[in-house]
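Asks: Questions regarding the structure given below will be posed in turn.
The values are calculated or read from the model by the stated rules, or taken from the named source; none is laboratory data. Keep in mind that this is a model prediction, so the values were computed, not measured. Cβ: placed from backbone, ideal geometry, glycine included. Neighbour counts: every protein chain shown. When the accessible area is computed, the model is the full protein with side chains, heavy atoms only, and any ligands, DNA or RNA have been set aside. Shrake-Rupley method; radii C 1.70, N 1.55, O 1.52, S 1.80 Å.
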There are 2 protein chains.
Amino acid sequence: MPARQSFKDLKDLILCDIGNTRIHFAQNYQLFSSAKEDLKRLGIQKEIFYISVNEENEKALLNCYPNAKNIAGFFHLETDYIGLGIDRQMACLAVVNGVIVDAGSAITIDLVKEGKHLGGCILPGLAQYVHAYKKSAKILEQPFKALDSLEVLPKNTRDAVNYGMILSIISCIQHLAKDQKIYLCGGDAKYLSAFLPHSVCKERLVFDGMEIALKKAGILECK
Amino acid sequence: MPARQSFKDLKDLILCDIGNTRIHFAQNYQLFSSAKEDLKRLGIQKEIFYISVNEENEKALLNCYPNAKNIAGFFHLETDYIGLGIDRQMACLAVVNGVIVDAGSAITIDLVKEGKHLGGCILPGLAQYVHAYKKSAKILEQPFKALDSLEVLPKNTRDAVNYGMILSIISCIQHLAKDQKIYLCGGDAKYLSAFLPHSVCKERLVFDGMEIALKKAGILECK
């Protein structure tokens, strides 16, 4: 194996999480994201280390930045789960004990105990529920309305749809979490965390896992 | 108002619940359903009293059985909810205290206390979730797999999708029900009730409500 380049500091490289919708980056502690069409405009000069769950978006990244390195092979998460998405693996790597919720195009809920991944489940993403409601009945294709609380029972169709969607997601997470700490990441993390008293929003969770993986692989120096 | 015909017994008429997918009938205590294309073949001779949530299917019924009577105007359910589907109203009319779950093309969850409807929420139907998962990510368009229990955390994508769907629906119902009795009707009632210890399957719930409405209106004699 050729000697890998080693980086002294997180500032010297760029982390990239290629999702099904957008492509997310971490430059030190600054986060930004891009559509695949806009990647070139970012004009990234530093070395990119990435993970990907979407081939098409990965091709777009490599087209612009051919030296970007996929780090999927650089780490290990203890799990019996077959086919666990690399982004879920990275987020789990960043948590020793707790429940990890990644709320993006899909909502994944994973349980980690003493660094071991115990399993998890998947819900549609908030924005994707509309397709199921539409197929249930035309009248149920309602615009998303952010709810302030789940205290008051809905008294019209629009509220009933939004309430059902949020309560089912929240109560599913709570059922799995019991009294464990809940870590939320992904685009809808902030919105969902307001309904989950024992949760923390960790926007960087996937990148935290990538940082751990790079350190374990000796690509990033441990400080 | 012209004097309405009064029926001595439930056996003398047919109740009909026109849904978004199929058209359901109760002939005394026998239940059957039909696609709109097959209505003529049923060769119904008795007077039909119906409710409808689907105009197209209602037209198909009236085309075959022009004397069928819509009973939506014959009853009253106490509620502040605007736009509560007539089938939900009928099911609620049949319960004095409890939670009513109608699991069909959509899953409606309604709370009734001392005969008053307190509100409710709506989830996609089990079969309709697939459309939301598909839009979340292609790999999440998984075939439905009936689960035996929610005890074991999923360890592959297909289980993770089916588990997430069922747990979110079940935990939503349980959150709303607390210690109240749960009444389930609709095509997926039996499947869901296996996960809900304090529930009863009441296939006839909507028809029970229709019977109550007809009795209150004096169309059916009270025995």
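Asks: For residues in the range A:15-47 being of a type in the set (Asp, Glu) and more than 19 Å from residue A:205 (Cβ to Cβ), which is most open to solvent (accessible area, probe 1.4 Å)? Give the steps one after another, and end with the answer.
Replies: Taking the range A:15-47 and keeping what is of a type in the set (Asp, Glu), we get A:17, A:37-38, A:47.
Going one step further and asking which of them are more than 19 Å from residue A:205 (Cβ to Cβ), we end up with A:37-38, A:47.
Details: A:37: 130, A:38: 54, A:47: 44 Å².
Within the range A:15-47, the match that is most open to solvent (accessible area, probe 1.4 Å) is A:37.
Asks: Something else: Mind checking which residues of the range A:128-151 are basic (Lys, Arg) and either more than 7 Å from chain B (Cβ to nearest Cβ) or over 30 Å from residue B:159 (Cα atoms) (or both)? Before you say what the answer is, go through the steps one by one.
Replies: Within the range A:128-151, the first condition is being basic (Lys, Arg), and the residues that meet it are A:134-135, A:138, A:145.
Answer for the range A:128-151, where residues must be basic (Lys, Arg) and either more than 7 Å from chain B (Cβ to nearest Cβ) or over 30 Å from residue B:159 (Cα atoms) (or both): A:134, A:138, A:145.
Asks: Here's a follow-up. Identify, please: which residue in the range A:152-162 is open to solvent by less than 10 Å² (accessible area, probe 1.4 Å) and within 7 Å of chain B (Cβ to nearest Cβ) and is, among those, farthest from residue B:78 (Cα to Cα)?
Replies: To start, the set of residues in the range A:152-162 that are open to solvent by less than 10 Å² (accessible area, probe 1.4 Å) comprises A:154, A:160-162.
Keeping just the survivors that are within 7 Å of chain B (Cβ to nearest Cβ) gives A:154, A:160-161.
On the way: A:154: 15, A:160: 18, A:161: 21 Å.
It comes out as A:161.
Asks: So which of B:65, B:50, B:81 is aromatic (Phe, Trp, Tyr), surrounded by 13 or more Cβ atoms within 10 Å (Cβ to Cβ) and within 14 Å of chain A (Cβ to nearest Cβ)? Working first, answer last.
Replies: Details: B:65 fails: within 14 Å of chain A (Cβ to nearest Cβ); B:50 fails: within 14 Å of chain A (Cβ to nearest Cβ).
Result: B:81 is the single residue among B:65, B:50, B:81 that is aromatic (Phe, Trp, Tyr), surrounded by 13 or more Cβ atoms within 10 Å (Cβ to Cβ) and within 14 Å of chain A (Cβ to nearest Cβ).
Asks: Grab the strands (runs of 3 or more DSSP E) fully contained in the range B:86-185, keeping just those with 2 or more residues being of a type in the set (A, V, I, L, M) and in contact with a Cys (Cβ under 6 Å, 6 or more places away or on another chain). I'd like the intermediate steps shown before the answer.
Replies: Working: elements: B:98-103, B:106-113, B:116-124, B:182-185.
Answer list for the range B:86-185: B:106-113.
Asks: Restricting the search to the range B:128-148, which residues are open to solvent by 50 Å² or more (accessible area, probe 1.4 Å) and within 25 Å of the chain's Cα centre (by Cα)? Steps first, please.
Replies: Initial filter on the range B:128-148 (open to solvent by 50 Å² or more (accessible area, probe 1.4 Å)): B:131, B:134-135, B:138-139, B:141, B:143-146, B:148.
Hits for the range B:128-148 are B:131, B:143, B:144, B:145, B:146, B:148.
Asks: Further, regarding this structure: Which one of the conditions (1) more than 14 Å from chain B (Cβ to nearest Cβ); (2) surrounded by fewer than 17 Cβ atoms within 10 Å (Cβ to Cβ) does residue A:71 fail to meet, given that it meets all the rest?
Replies: In the conditions (1) more than 14 Å from chain B (Cβ to nearest Cβ); (2) surrounded by fewer than 17 Cβ atoms within 10 Å (Cβ to Cβ), residue A:71 misses (2) alone.
Asks: Please find, within the range B:102-127, the residue that is nearest to the other protein chains (Cβ to nearest Cβ) out of those that are surrounded by 24 or more Cβ atoms within 10 Å (Cβ to Cβ) and among the acidic types (Asp, Glu).
Replies: Going through the qualifying residues, I end up with B:110.
Asks: Next question. Check the range A:55-78 and report whether any residue there is farther than 21 Å from residue A:122 by Cβ, among the acidic types (Asp, Glu) and free of Cβ contacts under 8 Å to residues at least 24 places away in the same chain.
Replies: no
Asks: Might you let me know whether the range A:186-198 holds any residue that is at positive phi and either among the aromatic types (Phe, Trp, Tyr) or surrounded by 15 or more Cβ atoms within 10 Å (Cβ to Cβ) (or both)?
Replies: First, the residues of the range A:186-198 that are at positive phi: A:186.
Narrowing further to those that are either among the aromatic types (Phe, Trp, Tyr) or surrounded by 15 or more Cβ atoms within 10 Å (Cβ to Cβ) (or both): A:186.
Yes: one or more hits.
Asks: Return only the number of the condition from (1) at pLDDT below 95; (2) within 13 Å of chain A (Cβ to nearest Cβ); (3) farther than 18 Å from residue B:208 by Cα that residue B:169 does not satisfy.
Replies: Every condition holds for residue B:169 apart from (1).
Asks: A further question on this structure: Which of the residues belonging to the range B:88-105 are farther than 13 Å from residue B:184 by Cβ and modelled with pLDDT under 95?
Replies: Residue satisfying the conditions is B:105 alone.
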